[in-house]
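The values are calculated or read from the model by the stated rules, or taken from the named source; none is laboratory data. Note that the structure is a prediction, hence the values are computed from the model and not measured. Here the Cβ positions follow ideal geometry from the backbone for every residue, glycine too, while neighbour counts run over all protein chains shown. Surface areas here come from the heavy atoms of the whole protein model, side chains and all, with no ligands, DNA or RNA. Shrake-Rupley method; radii C 1.70, N 1.55, O 1.52, S 1.80 Å.
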Amino acid sequence: IQVHIAGIDLIRDPEGELLVLEDNARTPSGVSYVLENRTVMKKVFPRVFSEAKVRGVEEYPLRLVEALASVGPAPDAEEGTAVLTPGPFNSAYFEHSFLARRMGVPLVEGRDLFVDQDRVYAKTTLGPRPIDVLYRRIDDPFLDPEAFRKDSLLGVPGLVRAYAAGNLALANAIGNGVADDKGIYPFVPDMIRFYLSEEPILGQVRTYVCARDEDCKYVVDHIEELVVKAVNEAGGYGMLIGPQASRRERADFRARIQADPRNYIAQPRIELSTCPTWAARKVGPRRVD
């Protein structure tokens, strides 16, 4: 299994159709906010949830730990499962600690682990504890200074050796960034047709791939109408919203696209569906995905 945990961004367009905005299969983040938000909402609006028969989300941590344990090399892999975090200075640290606590597994940093004879162990007050499954929230380059960035203090020396020897399951697997690449996104419907011999159930946003000469020319000529995205960025980084950008910002992005077309895609701006939101002492519409 390459993708154990995926975070797929969905939007609803003005016609009410659900569309996939992008795929996150490297280290997707955000589910803890869903769980916390639901806890608050059920306290504030209990009748809404009972009358509308809203499905529960509380079992997510249980499903997650079961999914992680199912890929471990040992039969009692749940005992050897841990969450690997970069530490408390990471923006998603709340989620790392929240999920570890709700799953009932240790939260560890790279300095808490070591590799001996291609096995991973956690340092504990009772001595070394074998680790069979790591839900890692650290990007590939920082996982193992022996295999990737030699200056990484976040990872564990020898981790990739243990992984290659079959003594450790990593969720998600190394190399999943290829699925996060927004340059791959436009081809997913064709992949579904090729590998599964069926039509995609969910649609996608019309996407211009700047690596294609024709698409690149269109994007450069119509940049004021489009949303331009760098293919390997997330969280709003490396992005231009053409209709709202200044003339200087558009010129800067035109130059970037022409210098490195493969690094960019573009999409028409979609007016997202709205959700009633309490703001400034009254309810108003806010865009939502």
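A few points about this structure:
- The number of residues in segment 100-119 that are under 19 Å from V65 (Cα atoms) and in contact with a helix residue (DSSP H, G or I) (Cβ under 6 Å, 6 or more places away or on another chain) comes to 3.
- Residue satisfying all of: in segment 263-289; over 30 Å from V178 (Cβ atoms) and touching a residue at least 24 places away in the same chain (Cβ under 8 Å); least open to solvent (accessible area, probe 1.4 Å) among these: S273
- Filter pass, Y135 being aromatic (F, W, Y) and farther than 26 Å from E22 by Cβ: no
- Listed by first and then second residue, the pairs with beta-carbon distance under 8 Å, at least 6 apart or on different chains, first residue in segment 168-182 and within 14 Å of Y135 (Cα to Cα), second assigned to a helix (DSSP H, G or I) and of a type outside the set (S, T, Y), are L168/L159; L168/A162; A169/L68; A169/A77; A171/A67; A171/L68; I174/D140; I174/V160.
- Being under 22 Å from S70 (Cβ atoms), open to solvent by 40 Å² or more (accessible area, probe 1.4 Å) and either modelled with pLDDT of 95 or more or not acidic (D, E) (or both) is a description that does not apply to N172.
- Residue match in segment 254-262 (condition: open to solvent by 20 Å² or more (accessible area, probe 1.4 Å), within 30 Å of A92 (Cα to Cα) and not charged (D, E, K, R)): no
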